[in-house]
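The values are calculated or read from the model by the stated rules, or taken from the named source; none is laboratory data. Because the structure is predicted, anything quoted here is derived from the model rather than measured. Please note: Cβ atoms are built from the backbone with ideal geometry, for glycine as well, and neighbour counts cover all protein chains shown.
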């Protein structure tokens, strides 16, 4: 269950998350720091597993597909040129679909269908229809989970309950022994960090 800010983007804080300064992408491309890649893997693995399961893959096959996709991303990430026009989400979709088709090709004894038919099969299985709202919800929620240790417990909890769960600030304030203003401030702080983490990845 997602609150209105995360689920729909129809609030100021969620709209601000769509800015594109590509900080994580730049770190992955320009810094030889394994922690950046580890962060990326922890961020995207649940989403890739979800897509793989929607495509009808069993656990073992889904794990193999996720590993193939991540291996390709590790190799190709320096080549991804973010210019404000290209979509990282679309690029990720293409990489995932290509590996999914490769797995079908290796297992099939019949010729693969034409590209258009393959797209239809992918759409039916859910892999080819990566809805923007679903992608945004999954990524923002997972990123918030990963950032929990970066904030005091009540600050992170205030943001989670208000922005993700959609609870009124007044109710959250009572539960956490804060003022409603403090809930708004905490939410703003966490979402600012979220924007920084996901810049360029939500497009």
Exercise. Would you check if there is a residue in the stretch 168-184 being surrounded by 15 or more Cβ atoms within 10 Å (Cβ to Cβ), within 19 Å of the chain's Cα centre (by Cα) and not in a helix (DSSP H, G or I)?
Key: no
Practice problem: Tell me which residues, restricted to the stretch 185-194, are surrounded by 19 or more Cβ atoms within 10 Å (Cβ to Cβ) and under 18 Å from the mean Cα position of the chain (by Cα). | Solution: 190, 191, 194
Self-check item: The lone exception for residue 64 - which of (1) more than 20 Å from residue 38 (Cβ to Cβ); (2) at pLDDT below 85; (3) in a helix (DSSP H, G or I) it fails
Solution: (2)
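Within the stretch 140-158, work out how many residues are within 18 Å of the chain's Cα centre (by Cα) and assigned to a helix (DSSP H, G or I). Step through it out loud before you land on a result.
Residues of the stretch 140-158 within 18 Å of the chain's Cα centre (by Cα): 140-148.
Those left that are additionally assigned to a helix (DSSP H, G or I): 140-146, 148.
Here the count works out to 8.
Kindly establish whether residue 114 is at pLDDT below 85 and surrounded by fewer than 13 Cβ atoms within 10 Å (Cβ to Cβ).
yes
So if I check each of 123, 203, which one is assigned to a helix (DSSP H, G or I) and at pLDDT below 90?
123
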Quiz item: Does at least one position in the stretch 131-139 carry a residue that is within 18 Å of the chain's Cα centre (by Cα), assigned to a loop (DSSP other than H, G, I, E, B) and at pLDDT below 95?
Solution: yes
